[in-house]
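Undergrad: Right, I'll just put the structure down here and ask away after.
Read-outs: derived from the displayed coordinates by stated rules, not from any lab. A quick note: this is a predicted structure, and the numbers were derived from the prediction, not measured. Note that each Cβ is placed from the backbone with ideal geometry, even for glycine, and that neighbours are counted across all protein chains shown.
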Amino acid sequence: MSKRHSEQFKQEAVAYTLLNKDKSVKAIAISLGVGYSKLDAWIRKSGGIVRRELTSDQQRLRQLEREVAHLKEVNEIIKKPYVYFVANPSR
């Protein structure tokens, strides 16, 4: 059964989220006892945009994760001809 929240609660939750930019929306939703998607919908409906700035470590981590994914993809592409020629040594 879903809870019904008053308009006042929704407005206060949105205002709290917009003021506390150091906390994630997910953490705030958990502390308020509402779902992340519900709080996010309230924020979007109010016209508020919550953009969390990433720290330099977080930015670097995302960059490295993208690079690892790319290198794994390249590695898989390189493996295919190798397997083919190992299976067919006469070529």
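Undergrad: Could I get the Rg over Rh figure for the stretch 7-46? Both from C-alpha atoms, Rh via Kirkwood, rounded to two places.
TA: Rg divided by Rh gives 0.90.
Undergrad: I'd like the Kirkwood hydrodynamic radius of the chain, using the inverse of the mean 1/r over distinct C-alpha pairs, in Å.
TA: It is 17.1 Å.
Undergrad: Ok, one more. Rank-order 71-82, 29-40 by packing density, defined as the average count of other C-beta atoms within 10 Å over each peptide's residues, highest first.
TA: Ranking the peptides 71-82, 29-40 by packing returns 29-40, 71-82.
Undergrad: Still on this model: Extension gain Ala41-Leu64, at 0.36 nm per residue separation less the Cα-Cα distance, in nm?
TA: Result: 5.2 nm gained on full extension.
Undergrad: With a point put 7 Å past each Cα toward its Cβ, work out how far Lys79 is from Tyr16 in nm, to one decimal.
TA: 4.8
Undergrad: Now for a separate question. Apply the Karplus parameterisation 6.51 cos²θ - 1.76 cosθ + 1.60, with θ equal to phi minus 60°, to every residue of the stretch 68-74 and state each ³J(HN,Hα) to the nearest whole Hz, in sequence, with x for glycine and proline.
TA: Per-residue couplings from phi come out as 4, 4, 5, 5, 5, 5, 4 Hz.
Undergrad: Please compare each pair in Lys21/Lys45; Lys3/Lys45; Lys26/Lys72; Lys3/Lys23 to a cut-off of 26 Å on the Cα-Cα distance and tell me which ones are over it.
TA: Lys26/Lys72
Undergrad: Using the Karplus curve 6.51 cos²θ - 1.76 cosθ + 1.60 with θ = phi - 60°, what ³J(HN,Hα) values do you get for each residue of the stretch 35-46, in whole Hz, with x for Gly and Pro?
TA: x, 4, 5, 5, 5, 4, 5, 4, 5, 5, 5, 6
Undergrad: So the label point goes 7 Å from the Cα of Asp57 along Cα→C-beta, right? Which residues of the stretch 4-35 then have their backbone N under 16 Å from it?
TA: Counting backbone N atoms under 16 Å from the label point, the list is 23-24.
Undergrad: Further question on the same structure: In whole Å, what is the distance between the alpha-carbon centres of the stretch 66-91 and the stretch 6-41?
TA: Spelled out, the Cα-based centre of one part sits 47 Å from the other.
Undergrad: Another question about this same structure. So what's the back-of-envelope 222 nm ellipticity for the chain, counting only DSSP H runs of four-plus at -39500 (n - 2.57) apiece and dividing by all residues, rounded to 500?
TA: Taking each H run of at least 4 residues, the total per residue is -23500 deg cm²/dmol.
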